[in-house]
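See below for the structure under consideration.
The values are calculated or read from the model by the stated rules, or taken from the named source; none is laboratory data. This is a predicted model, so every value here is computed, not measured. A quick note on method: Cβ atoms are made from the backbone with ideal geometry, for glycine too, and the neighbour counts reach across all protein chains shown.
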Amino acid sequence: MISAALDFICREAALHLRRERLIAIATISTVAVLLLVLGAVVVLLIDVRLWTDQMSRALEVSAYFQRDFPRERAEKVAAQIAEWPAVSETEFVPKEEGWEWLKGQLASSAHLKGLENPLPDRVRVHADNPSDVPQIAKQLEELEGVKDVVPSATEAGRRGSFAQRVVQARKAVAYAGVAAGILVALAGIFIVHNTIRLALHSRWREIYIMQLIGATRFIIAAPFLLEGTIQGTLGAALACCILVPVHMYLRGLTARSAPFVFLAPDSAMLPFALLLLLTGALLGLTGSAVSIRRYMSRRPQWHG
């Protein structure tokens, strides 16, 4: 019984697609264009989010200890900082190491030979979230033995600071992704809905006869649901065939000419393609479900 029903549903869906191939091609093409736009926006947002994550990891707060603060106590304080929930990484930098680094960065380092090391010990702190930088800086300022914090809590929390700009960029990326996804999803559902609605209207006699012989709502609606799902999936597949190779090419190009530009790795394209296929299938299924539900809410009348 179940196998016979599945065979009927698949045959009916294939027959509908073959009979109305022009409408099917138009729907698949339109869904492909929509998902191409959505996919391009999503890939761009992924790349921008990757860049903001790189900038977030580059954010750090340096706490400079007093010059006469014992090294052992400074190391213990650094170990305590590493246990803070908002801290992702810490690095204790002895003053000797900092002095060697400074001399390596200065072109006139030869003139520094023989001079006494003026630098204190310090600890470099990286935050899990850029928005936590001001709070971490404030906590560092309150620690025993800490003389200076760069940037200070006031500087990190000031509007227009680098940390605040990174936070704003991350929020903008998240909001833009949600807005783009909602708009394209609504457009896709509307297009598939209208296409299936036309198909239902053209086959109202078949639906009426099936209802007269006692066919269930599921048996009547299932071929249309499968048809919409197939159209959405094929449209998504076309979009993937364009987006994935183009992004891989651009990534290779930027890796050679602009290594400072961060693009999503090729390994991330497979999950992205699968997600886009799933999105296309859901768009087609949802559009078909909306259309068939509205159509079957009333019994079609025979017009002769």
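Between Leu50, Leu36, which is modelled with pLDDT of 80 or more and within 21 Å of the chain's Cα centre (by Cα)?
None of the others qualify; the one that does is Leu36.
Just checking, which of Val31, Val61, Val37 is in contact with a Lys or Arg (Cβ under 9 Å, 6 or more places away or on another chain) and either in contact (Cβ under 8 Å) with a residue 40 or more places away in the chain or over 30 Å from Ala78 (Cα atoms) (or both)?
Every option except Val61 fails the conditions.
Scan region 77-89 residue by residue and report those that are part of a strand (DSSP E or B) and loosely packed, with under 14 Cβ neighbours inside 10 Å.
Glu89
Just checking, does region 110-129 include any residue being modelled with pLDDT of 80 or more and more than 21 Å from Arg73 (Cα to Cα)?
yes
To keep it simple, each residue is scored yes or no on (1) within 21 Å of the chain's Cα centre (by Cα); (2) of a type outside the set (Gly, Ala, Ser).
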| residue | (1), (2) |
| --- | --- |
| Ile230 | no, yes |
| Leu243 | yes, yes |
| His247 | yes, yes |
| Arg251 | yes, yes |
| Ala264 | yes, no |
| Gly280 | yes, no |
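From Val146, Val150, grab the single residue that is buried (at least 16 other Cβ atoms within 10 Å of the Cβ), modelled with pLDDT of 80 or more and outside the structural domain of Gly39 (by TED's automatic domain parsing).
Exactly one residue qualifies, and that residue is Val146.
Residues in region 43-76 that are buried (at least 21 other Cβ atoms within 10 Å of the Cβ) and either in a loop (DSSP other than H, G, I, E, B) or not hydroxyl-bearing (Ser, Thr, Tyr) (or both): how many?
Result for region 43-76: 5.
What are the pairs with Cβ atoms under 8 angstrom where one residue, in region 120-136, is within 13 Å of Val167 (Cβ to Cβ) and the other, located anywhere, is in a strand (DSSP E or B)? Sequence gap at least six, or different chains.
Final answer for the pair search is Ala127/Val61; Ala127/Val87; Ala127/Ser88; Asp128/Val87; Asp128/Ser88; Val133/Val61; Val133/Ala127.
Give the residues of region 137-151 that are under 17 Å from Val87 (Cβ atoms) and either in a strand (DSSP E or B) or in contact with an Asp or Glu (Cβ under 6 Å, 6 or more places away or on another chain) (or both), sorted by residue number.
Answer for region 137-151, where residues must be under 17 Å from Val87 (Cβ atoms) and either in a strand (DSSP E or B) or in contact with an Asp or Glu (Cβ under 6 Å, 6 or more places away or on another chain) (or both): Val146, Val149, Val150.
Within region 216-241, how many residues turn out to be farther than 25 Å from Thr279 by Cβ and either modelled with pLDDT of 85 or more or surrounded by 14 or more Cβ atoms within 10 Å (Cβ to Cβ) (or both)?
Residues meeting the conditions: 2.
Can we say Asp7 is part of a helix (DSSP H, G or I), charged (D, E, K, R), assigned by TED's automatic domain parsing to the domain that holds Pro223 and free of Cβ contacts under 8 Å to residues at least 40 places away in the same chain?
Against the criterion (part of a helix (DSSP H, G or I), charged (D, E, K, R), assigned by TED's automatic domain parsing to the domain that holds Pro223 and free of Cβ contacts under 8 Å to residues at least 40 places away in the same chain), Asp7 qualifies.
May I ask you to list the residues in region 20-42 that are out of contact with any helix residue (DSSP H, G or I) (no Cβ under 7 Å at 6 or more places or on another chain) and not in a helix (DSSP H, G or I)?
Matches in region 20-42: none.
Being surrounded by 14 or more Cβ atoms within 10 Å (Cβ to Cβ), of a type in the set (D, E, K, R), modelled with pLDDT of 75 or more and closer than 26 Å to Asp68 by Cβ is true for just one of Lys138, Lys103. Which residue is that?
Lys138
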